[in-house]
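The values are calculated or read from the model by the stated rules, or taken from the named source; none is laboratory data. Everything quoted here is computed from the prediction, not taken from an experiment. Positions of Cβ are backbone-derived with ideal geometry, glycine not excepted, and every protein chain shown enters the neighbour counts. Surface accessibility is based on the protein's heavy atoms, side chains included, excluding ligands, DNA and RNA. Shrake-Rupley method; radii C 1.70, N 1.55, O 1.52, S 1.80 Å.
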Amino acid sequence: MFIVGELINGMYKKVGAAIQTKDKKPIQDLAIAQTNAGASALDVNCGPASANPKETIKWLVETIQEVVDTTLALDSTKPDVIEAGLSIAKNQTVINSTGADVERLDILVPMALKYNSSLIGLAMNKKGVPQDKFQRLELAATIVTYCQEKNFPIEKLYLDPIVLPVNVAQAQAEEVLEALREFKLLSDPAPKTIVGLSNISQGTVNRSLINRTFLVMAQCSGLEGAILDPLDKDLMDALISAELIRNKQIYCDSFLDAYKKK
Ligand code: THG
């Protein structure tokens, strides 16, 4: 599983405060802790309140790179903010994200090619979030076709069906699970899939339980990537156990430890 640690996000109070005061320590602690917990990449998101996101993302990238060489997933709705991060990133990168609108694809696909970056494609457009698996498929197909036309390698494309909170959009989770299966049929080689896992439980009481239950269900639909909290041990143990049972990981009695040492 391509695990993207979600915790370096200005929406969290501690991270927002560290950004404000240029305090490196809380950011570096999160970078190290998430990497040690098994994150393959770190999401880097300035948060909604950042006054100067281009400067902020550069500071975050520099701060993180001082302590880890983990892949960075540059998370912004603004392409110039993503490019600011890419321009100084030393290690592998993921662009998080493009939608299906041609104006966005025209900017972000060439950017991914220029910086040799992976790319997350969201199944949404300027009209908003999809309401069923058919809309998700149509939007995902637009992204895949565009990438094929521009010779962007499909192995570096992660399609995100857009997970919505179960407390306000209860019927959508099943649509997401079906979309994950059907995305794989869009091309050969198949695109990879990813979800923003914590979206599912926003505003609910049993967040961790809902997150890990949905994660395992999505794994059964072939999910290859997840933006999640790698410090949630129960979540990571469920993830690893599901990989084992799905024969993605060789069995040994200490399989939880063995996975983490990979
Ligand atoms: N897809 C892609 N990228 C994404 C998302 C996605 N990036 C952002 C988000 N969704 C994934 N990251 C988070 C990070 C935190 C939370 C949810 C998703 C979260 N935060 C607490 C909350 O809102 O309740 C904040 C708590 C606090 O303020 O301390 O749940 O879907 N490609």
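Quick notes on this one:
- Only a single criterion out of (1) in contact (Cβ under 8 Å) with a residue 60 or more places away in the chain; (2) of a type outside the set (Gly, Ala, Ser); (3) open to solvent by less than 50 Å² (accessible area, probe 1.4 Å) is not satisfied by GLU224, namely (3).
- Pairs where the first residue, in segment 128-145, is among the charged types (D, E, K, R) and the second is open to solvent by less than 10 Å² (accessible area, probe 1.4 Å) and outside any helix (DSSP H, G or I), C-beta under 7 Å, 6+ apart: ARG136/ALA123; ARG136/PRO130; ARG136/PRO161
- Tally of residues being open to solvent by less than 40 Å² (accessible area, probe 1.4 Å), out of contact with any strand residue (DSSP E or B) (no Cβ under 8 Å at 6 or more places or on another chain) and within 20 Å of ILE227 (Cβ to Cβ) across segment 47-62: 3
- Checking ALA190 against (1) in contact with a Phe, Trp or Tyr (Cβ under 8 Å, 6 or more places away or on another chain); (2) of a type outside the set (Phe, Trp, Tyr); (3) within 12 Å of the ligand (Cβ to nearest atom), the condition it does not meet: (3)
- Under the condition of being more than 16 Å from PRO79 (Cα to Cα) and not in a loop (DSSP other than H, G, I, E, B), the residues counted in segment 37-59 number 3.
- Of the listed requirements (1) open to solvent by 10 Å² or more (accessible area, probe 1.4 Å); (2) out of contact with any helix residue (DSSP H, G or I) (no Cβ under 9 Å at 6 or more places or on another chain), ALA73 misses just one: (1).
- Qualifying position, being more than 15 Å from the ligand (Cβ to nearest atom) and buried (at least 16 other Cβ atoms within 10 Å of the Cβ), among GLY5, GLY16, GLY10, GLY38: GLY38
- Set side by side, the residues SER198, SER208 differ, and just one is part of a helix (DSSP H, G or I), small (Gly, Ala, Ser) and buried (at least 17 other Cβ atoms within 10 Å of the Cβ), which is SER198.
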